[in-house]
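Here the structure comes first, spelled out in structure tokens, and everything after it is commentary.
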Amino acid sequence: MSHFDLTLELNGKKVTRKIPLRSRLLDALRYDFGLTGTKEGCGEGECGACTVLLSGRPVNSCLVLARQAEGCKVETVESTSTETLRRLNATGTSQCGACTPGIVMTARWLCDNPQTLDLMSLREFMSGNLCRCTGYDGVLSGIECLLDQEEGES
Amino acid sequence: MSLDRVDGLDKLSGKSAFVDDLTVPGCLFGGTIRSPVARGRIRKIHFSTAVDWSDFVIVDHRDIPGSNEVALIESDQPALASTNVRHLHEPVLLLAHSKLHRLREGLRSIRVEIEAAPPLFDVEAQPTKEMLQHGSDNVFKRIDIRKGDPASVFAKASRVIEGTYRTGSQEHVYLETQGMIAHQEGETLVVRGSMQCPYYILDALTIAFDRPKERFRVIQCPLGGGFGGKEEYPSVVAIHAALLAEKAGRPVKIIYDRQEDMAVTTKRHPSRVRHRTAVDDDGIILAMEIDILFDGGAYVTLSPVVLSRGTLHATGPYRCDHVHVHGEAKLTNSPPYGAFRGFGAPQTLFAIERHMDVIARDLGLDPGELRRRNLLCQGDTLATGQKVQDGVDLTALLARGEELAGVSLATQEYAAFNRSHPYLRRGVGRATFYHGAGFTGSGETHLASEVWVEGLADGRVRLLTAQTDMGQGTMTILAQIAGETLSVDPRSIEVVTPDTSLVPNSGPTVASRTAMVVGKLIEDGCRELQRILDSGSGPPSGKDFQNALELHHRENPGDLLRVSRSYQTPPGQNWDEVSYQGDAYACYSWAAHLAHVEVDLRTFQVRVTDYVALQEVGRVLNEVLARGQIQGGVAQGLGWTLLEEVILENGAMKNHQMMNYIIPGSGDLSPIRVFFEEIPSPSGPGGAKGIGELPLDGPAPAIINAVCHALSASIREIPLTPEVLMEFLGGKE
Amino acid sequence: MRVLTPSGLDHALALLAEFESSLTPLAGGTDLLVSWPHQNSDEVGFLDLSPLRAEHSAPRLEQDALVLSMLTTYWDVIASEEVRTEFPLLLAAALKVGAVQIQSAGTWAGNIANGSPAADGVPVLMAYGAEVVLRSTRGEVRVPLDRYYLGYKQSVRALDQLIVEIRVPRRKREIEWFHKVGARFAQAISKLGVAVTRDETGHRVVVNSVAPTVVRCRALEDHLDQGGKIESVEQVRALLSFDIAPIDDIRSTSRYRESVLSRLLYFYLRKANLRKANG
Ligand SMILES: Cc1cc2nc3c(=O)[nH]c(=O)nc-3n(C[C@H](O)[C@H](O)[C@H](O)COP(=O)(O)OP(=O)(O)OC[C@H]3O[C@@H](n4cnc5c(N)ncnc54)[C@H](O)[C@@H]3O)c2cc1C
Ligand code: FES
Ligand code: FES
């Protein structure tokens, strides 16, 4: 068996594709489901560029076999609201954009779980997303801006 | 004004398609077989019999139609090794297959047999005859800058202070690895991918294929970072992809994975800089003798120009009438070192700025005070004889930096803290420096960059340049410059993605030259467009401009309203390439950076607790982008100083994984506080100067000076990893 | 390549019994799938444990022990208020494993089973006196974690056994401390790490990255149990030397590891001693 049918609840839609058994979730998203927003920075789990939400948790999709995600909910950067993107753009969250989709996903998860920041600072929390362009200040202020917004709404 | 990044939403949403995001029907995957040793003669290439090779495309040096070289300054670097190899991982053979995992299997199943020769790894060692591989002495380039008569000053000097400083290599770690796609389109070979300089690639292809330029089209994809790493190296990947595509008769995609990218591509030149300085008892510098050595790696590539910038920044921003700077870039059997943000200047500025603190300590002077006594003033001359005329008051700049960083209070507090704490030590350090914007010397004149500005029928304006946006915001800045010049909404300005079949050659996207040099041409082009549309009531702007443009097209249907602008050497700018005398750069950016550190003597880890980056970069065009450039550059510089160690094995990077090559994460940094001093410059558009590389010059000396302050030590080498610091302190409590 | 998907724990154990030598249990994948494209997948067989996640991931507090389940992740511990309050070292270590992406996928059992001498989850568990529960179709055994490893990447686990639980005794502790030294703040494999506890059973000093496995520093523990004083870095170094054998590798040097470990322990134990003396 070199291929199998993978079914995902991908960005809110149920989708199925026949994919190679050896594919990582990252490969399946990019090459089989055509969602190239999720980027590969290292393939070692270090950089976080490939971060997606799998069953509601941020994971590196380069460290997940597609097979392991069978039947699961997967959220990728493509499902981010325009409002969120616009806020992040105003602060300089992205420069080259290679780390950015991963950062957006980690940030989105944090906005849904802001109590995490009782245990650690934002700076500490974001250390699984490496960025070579921004020096992180732009990234962090973008996320702070999102968090403020969430707080304002709730 | 800060225009939000025009490509920002696409980057944030992942819509920006990097080269690996493109799907090309029928595309093969290409890969590279490399030399397993650092130096030798190729004997034989073994293909495993366990693999069916019939469905692989295989290319070696005999498939190169033109000259087997990666054309750049010299032609010594082959595109594919034919007989000899000069470094580990040197490309020997190319493979392509329609299935990625079969390609990987193929790559695992070929062995290059080499009769090894003794490799040279120590650039400081005098090469024996057997080790000579370039000219008569392995020297790629030698530069001397002379001013006054240093020898006679040294002969009489009562106080001469010496120091030798070393810096390690650095890997770019752009988050998007190198990649290219090549395919045939009729008679034309089309290459698209991740690159800073489309026209460099075009030149390299014409030579490797021995065909006219018209037979190629080079298209730039959005870039996931460059930092110099995609200046010259992409020519190698482009030639390889094109060779495979031509032989296969199908499109071929080569994407380096992270490990390959780190192991084989260019890195920052390691350096050794020796200073001898004559000073008087007040700390006034009387004469400087500076000897610079860069490890160039196995081929010339850009080493001569990197060395050039290194020598031109070696004296730091200090007044001195008697100077001799000598620089050499020499061969070793490491993969070639290449362009990296800062381009040789961070190395020599680390040396001088550390040396200033060494001198201050020797004289018992405050390092800030020593600098104040020697900083350049308006009208002073640099080592090349160039007059300083940027209008900046460096003494005031440093004073403001020290105030922003709270230096005097911290100095007192730290003294008390360090006496009482069992294992933490705190210190503060500074660096004052400059960075020449644009190409060195007559580089811009030789380049003769050209841009086009087009006025479209719908009232919009289109900009055509070869400038690439690798994250630094080229598209945004150029749109903003045009928008401001014409007083129109910058979002209505179209910036065309570089494609050599569409855009003119406005030169490479390097050397902090885009906003300043190319931006200036855009500004001029827009003005010219306004003059053309002037119907007598003065050059139109804003809504009037758009109306005039639409009117022009109604009256002249089908007219291509295109203005071309080419670089003109500013009057009075002179440079002598031979004597290294004259105006090395059109203008300079200036800075004072200050770092506070805390050293943990249990673990020898250094933490930068506060960083102030104050710079004079002319007018700041876009505050958000400018701040981002500075912060990103400082973070990269901090990594080079404290974390990033390129461990070499057989001359090449051994720790070629992100797991083992440590770039800073968000948790390793404290906020980087950025401040600007704005003195509009005549050189750039709207008074702007270069900004991109400057921030890399400051962190290494500022941080190490702070560590030395904290520990009352004199460290002369980076990276200062905890292991190095521990050995340096010799287990001292 | 083969991936087997069990329907429940018994099925998983049955599959493992049937194909033991050719099947590798796959939990969070944060060790197994690193640089996956470089691995020759043709030769790989995985027993994918993810279908068991729903039933075997929540940590639970029993009368006398905290029970981490087969698929409990670092984040499961971070997110559980009762666990992190009662077992602060588990929280401290969890926060130091990779960063959030690794913490939410990586499991404690995987950390133990992977057997890396640099594992950060293992020292704190060992310092808490944890037991590993191994189960196969042949039955179940409990092994104290400090007797689990036999050598570099060697353990008592047979190929047909799964780690189904990790049991951490609920004891009153007088001191507890964890410190990790990595090349950067987070997302870095340990250059060295140390966990220290003292409870009614005595001191435990457990270190990683300085021996072929995570180890207890028995000589130092004995010295402390006997009320010995901590006088100098040199003394700590000498006591450690009975139990550790650091090496040079791509991440650090043996000299650094030995020296820094001695210093960290010296400064910590001095302070702890002082507190005891004063309090
Ligand atoms: C970027 C990155 C950073 C990391 N940082 C750290 C760090 O800071 N500290 C640290 O300690 N580790 C670190 N790791 C390693 C890894 O995350 C941990 O070891 C993790 O706990 C492994 O768990 P897993 O569930 O992902 O294991 P897997 O990769 O699924 O498996 C690991 C091993 O355990 C076996 N196994 C898994 N579950 C069981 C079971 N129930 N019974 C028997 N065998 C089993 C598997 O067969 C395999 O041999 C890092 C990894 C990455 C990629
Ligand atoms: S690509 Fe997955 S973490 Fe880097
Ligand atoms: S924006 Fe380029 S790596 Fe983060």
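The values are calculated or read from the model by the stated rules, or taken from the named source; none is laboratory data. Keep in mind it's a predicted model, so treat the numbers as computed, not measured. Every residue, glycine as well, gets a Cβ built from its backbone with ideal geometry; the counts of neighbours run over all protein chains shown. Calculation scope for accessible area: heavy atoms of the full protein, side chains included, ligands and nucleic acids excluded. Shrake-Rupley method; radii C 1.70, N 1.55, O 1.52, S 1.80 Å.
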Query raised in the report: Between residues in region B:172-188 that are more than 14 Å from chain A (Cβ to nearest Cβ) and residues that are in a loop (DSSP other than H, G, I, E, B) and surrounded by 24 or more Cβ atoms within 10 Å (Cβ to Cβ), which pairs lie under 9 Å by C-beta distance while being six or more apart or on different chains?
Result: B:180/B:194; B:180/B:195
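A quick yes/no check of all residues on (1) surrounded by fewer than 18 Cβ atoms within 10 Å (Cβ to Cβ); (2) away from ligand 3 (no atom under 14 Å from the Cβ):
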{"position": "A:60", "(1), (2)": "no, yes"}
{"position": "A:70", "(1), (2)": "yes, yes"}
{"position": "A:81", "(1), (2)": "yes, yes"}
{"position": "A:94", "(1), (2)": "no, no"}
{"position": "A:116", "(1), (2)": "yes, yes"}
{"position": "A:146", "(1), (2)": "no, yes"}
Query raised in the report: So which residues in region C:92-141 are without any contact (Cβ under 8 Å) to a residue 60 or more places away in the chain and hydroxyl-bearing (Ser, Thr, Tyr), if there are any at all?
Result: C:104
Query - Residue that is nearest to residue C:48 (Cα to Cα) [pool: residues in region A:1-29 that are open to solvent by 80 Å² or more (accessible area, probe 1.4 Å) and out of contact with any Leu (no Cβ under 7 Å at 6 or more places or on another chain)] - result: A:5
Report task. Considering (1) within 12 Å of another protein chain (Cβ to nearest Cβ); (2) open to solvent by 10 Å² or more (accessible area, probe 1.4 Å), say which one residue B:655 fails and leave the rest. Result -> (2)
Query raised in the report: Hey, any hits in region B:259-281 for a residue that's surrounded by fewer than 24 Cβ atoms within 10 Å (Cβ to Cβ), part of a loop (DSSP other than H, G, I, E, B) and within 16 Å of ligand 3 (Cβ to nearest atom)?
Result: no
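Does residue C:258 satisfy the criteria of being open to solvent by less than 10 Å² (accessible area, probe 1.4 Å), away from ligand 1 (no atom under 16 Å from the Cβ), acidic (Asp, Glu) and at pLDDT 95 or above? Walk me through it before giving the result.
Details: open to solvent by less than 10 Å² (accessible area, probe 1.4 Å): no; away from ligand 1 (no atom under 16 Å from the Cβ): yes; acidic (Asp, Glu): yes; at pLDDT 95 or above: yes.
Against the criterion (open to solvent by less than 10 Å² (accessible area, probe 1.4 Å), away from ligand 1 (no atom under 16 Å from the Cβ), acidic (Asp, Glu) and at pLDDT 95 or above), residue C:258 does not qualify.
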**Report entry** Residues located in region C:47-73, provided they are more than 11 Å from ligand 1 (Cβ to nearest atom) and either of a type in the set (A, V, I, L, M) or within 12 Å of chain A (Cβ to nearest Cβ) (or both)
**Finding:** C:51, C:54, C:58, C:61, C:65, C:66, C:67
Report task. Report yes if some residue within region B:16-30 is more than 14 Å from every other protein chain (Cβ to nearest Cβ) and either in contact with a Leu (Cβ under 9 Å, 6 or more places away or on another chain) or aromatic (Phe, Trp, Tyr) (or both); otherwise report no. Result -> yes
Requested in this report: Give the residues of region C:132-177 that are more than 30 Å from residue C:8 (Cα to Cα) and buried (at least 21 other Cβ atoms within 10 Å of the Cβ), sorted by residue number.
Outcome: C:177
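Can you name the residue in region C:217-233 that is touching a residue at least 24 places away in the same chain (Cβ under 8 Å) and farther than 15 Å from residue C:203 by Cα and, of all such residues, is least open to solvent (accessible area, probe 1.4 Å)? I'd like the intermediate steps shown before the answer.
If we filter region C:217-233 for residues that are touching a residue at least 24 places away in the same chain (Cβ under 8 Å), which is where we start, we get C:217-220, C:224, C:229-230, C:232-233.
Now restrict to residues that are farther than 15 Å from residue C:203 by Cα: C:232-233.
On the way: C:232: 42, C:233: 11 Å².
In this case the residue turns out to be C:233.
Within region C:178-205, count every residue that is open to solvent by less than 20 Å² (accessible area, probe 1.4 Å), away from ligand 2 (no atom under 16 Å from the Cβ) and not polar (S, T, N, Q).
Step one: filter region C:178-205 for residues open to solvent by less than 20 Å² (accessible area, probe 1.4 Å), giving C:181-182, C:184, C:186-188, C:190-197, C:199, C:202-203, C:205.
If we keep only those that are away from ligand 2 (no atom under 16 Å from the Cβ) too, we end up with C:181-182, C:190-197, C:199, C:202-203, C:205.
Subsequent filtering for residues that are not polar (S, T, N, Q) retains C:181-182, C:191-196, C:199, C:202-203, C:205.
Summing the residues that are open to solvent by less than 20 Å² (accessible area, probe 1.4 Å), away from ligand 2 (no atom under 16 Å from the Cβ) and not polar (S, T, N, Q) in region C:178-205 gives 12.
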Query - Unmet requirement for residue B:164, which otherwise passes all of (1) of a type in the set (Ser, Thr, Tyr); (2) away from ligand 2 (no atom under 16 Å from the Cβ); (3) assigned to a loop (DSSP other than H, G, I, E, B) - result: (3)
Query - Output for region B:486-540, where each listed residue is under 26 Å from the mean Cα position of the chain (by Cα) and among the acidic types (Asp, Glu) - result: B:499, B:523
Query raised in the report: For region B:1-25, which residues satisfy the criterion of being open to solvent by less than 40 Å² (accessible area, probe 1.4 Å) and part of a loop (DSSP other than H, G, I, E, B)?
Result: B:3, B:5, B:7, B:13, B:14, B:16, B:17, B:18
**Report entry** Qualifying position, being without any contact (Cβ under 8 Å) to a residue 40 or more places away in the chain, away from ligand 1 (no atom under 16 Å from the Cβ) and under 18 Å from residue B:5 (Cβ atoms), among A:133, A:111
**Finding:** A:133
Query raised in the report: Pairs, please: C-beta under 7 Å, at least 6 apart or cross-chain, first residue under 20 Å from residue B:655 (Cα atoms) and away from ligand 1 (no atom under 16 Å from the Cβ) and in region B:249-264, second open to solvent by 20 Å² or more (accessible area, probe 1.4 Å) and part of a strand (DSSP E or B)?
Result: B:264/B:34
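When only residues in region C:78-92 that are over 15 Å from residue C:127 (Cβ atoms), within 13 Å of chain A (Cβ to nearest Cβ) and assigned to a helix (DSSP H, G or I) count, which is farthest from the chain's Cα centre (by Cα)? Break it down into steps so the answer makes sense when it comes.
Here is the first cut: in region C:78-92, the ones over 15 Å from residue C:127 (Cβ atoms) are C:78-85.
Restricting the remaining residues to those that are within 13 Å of chain A (Cβ to nearest Cβ) gives C:78-81, C:83-85.
Right, trim to assigned to a helix (DSSP H, G or I) and you get C:78-79, C:81, C:83-85.
Values: C:78: 15, C:79: 19, C:81: 21, C:83: 16, C:84: 16, C:85: 19 Å.
Among those that are over 15 Å from residue C:127 (Cβ atoms), within 13 Å of chain A (Cβ to nearest Cβ) and assigned to a helix (DSSP H, G or I), it is C:81.
Results for (1) closer than 18 Å to residue B:516 by Cα; (2) in contact with an Asp or Glu (Cβ under 9 Å, 6 or more places away or on another chain); (3) assigned to a loop (DSSP other than H, G, I, E, B), shown as yes or no for each residue.
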| residue | (1), (2), (3) |
| --- | --- |
| B:469 | yes, yes, yes |
| B:480 | yes, no, no |
| B:484 | yes, yes, no |
| B:494 | no, yes, no |
| B:504 | yes, yes, yes |
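From the set of residues in region A:132-154 that are outside any helix (DSSP H, G or I) and facing another protein chain (nearest Cβ under 9 Å), which is farthest from ligand 2 (Cβ to nearest atom)? Reasoning before the result, please.
Taking region A:132-154 as the starting set, the residues that turn out to be outside any helix (DSSP H, G or I) are A:132-136, A:154.
In the following step, the residues that additionally are facing another protein chain (nearest Cβ under 9 Å) were identified as A:132-136.
Numbers: A:132: 12, A:133: 15, A:134: 17, A:135: 19, A:136: 17 Å.
The extreme case among them is A:135.
Could you tell me whether any residue of region C:36-46 is within 14 Å of chain A (Cβ to nearest Cβ) and among the acidic types (Asp, Glu)?
Scanning region C:36-46, I find at least one residue that is within 14 Å of chain A (Cβ to nearest Cβ) and among the acidic types (Asp, Glu), so the answer is yes.
What is the residue count in region C:1-48 for residues that are β-branched (Val, Ile, Thr) and over 26 Å from residue C:121 (Cα atoms)? Explain how you work it out, then say what you get.
Within region C:1-48, the first condition is being β-branched (Val, Ile, Thr), and the residues that meet it are C:3, C:5, C:24, C:30, C:34, C:44.
Subsequent filtering for residues that are over 26 Å from residue C:121 (Cα atoms) retains C:3, C:5, C:44.
Residues flagged as β-branched (Val, Ile, Thr) and over 26 Å from residue C:121 (Cα atoms) within region C:1-48 amount to 3.
Got a sec? Which of A:51, A:7, A:38 is away from ligand 1 (no atom under 16 Å from the Cβ) and at the interface with another protein chain (Cβ under 8 Å from one of its Cβ atoms)?
Details: A:51 fails: away from ligand 1 (no atom under 16 Å from the Cβ); A:7 fails: at the interface with another protein chain (Cβ under 8 Å from one of its Cβ atoms).
So the residue among A:51, A:7, A:38 that is away from ligand 1 (no atom under 16 Å from the Cβ) and at the interface with another protein chain (Cβ under 8 Å from one of its Cβ atoms) is A:38.
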Query raised in the report: Pick from B:231, B:171, B:176: which is under 26 Å from residue B:92 (Cα atoms) and touching a Ser or Thr at 6+ places or on another chain (Cβ under 7 Å)?
Result: B:176
Query raised in the report: In region A:82-131, which residues are within 15 Å of ligand 2 (Cβ to nearest atom), more than 11 Å from chain C (Cβ to nearest Cβ), out of contact with any Lys or Arg (no Cβ under 9 Å at 6 or more places or on another chain) and in a loop (DSSP other than H, G, I, E, B)?
Result: A:131
**Report entry** Unique residue being touching a helix residue (DSSP H, G or I) at 6+ places or on another chain (Cβ under 6 Å) and in a helix (DSSP H, G or I) when the list is B:341, B:361, B:372
**Finding:** B:372
Query - Every residue from region C:77-126 that is more than 10 Å from ligand 1 (Cβ to nearest atom), β-branched (Val, Ile, Thr), in contact with a Ser or Thr (Cβ under 9 Å, 6 or more places away or on another chain) and under 15 Å from residue C:166 (Cβ atoms) - result: C:124
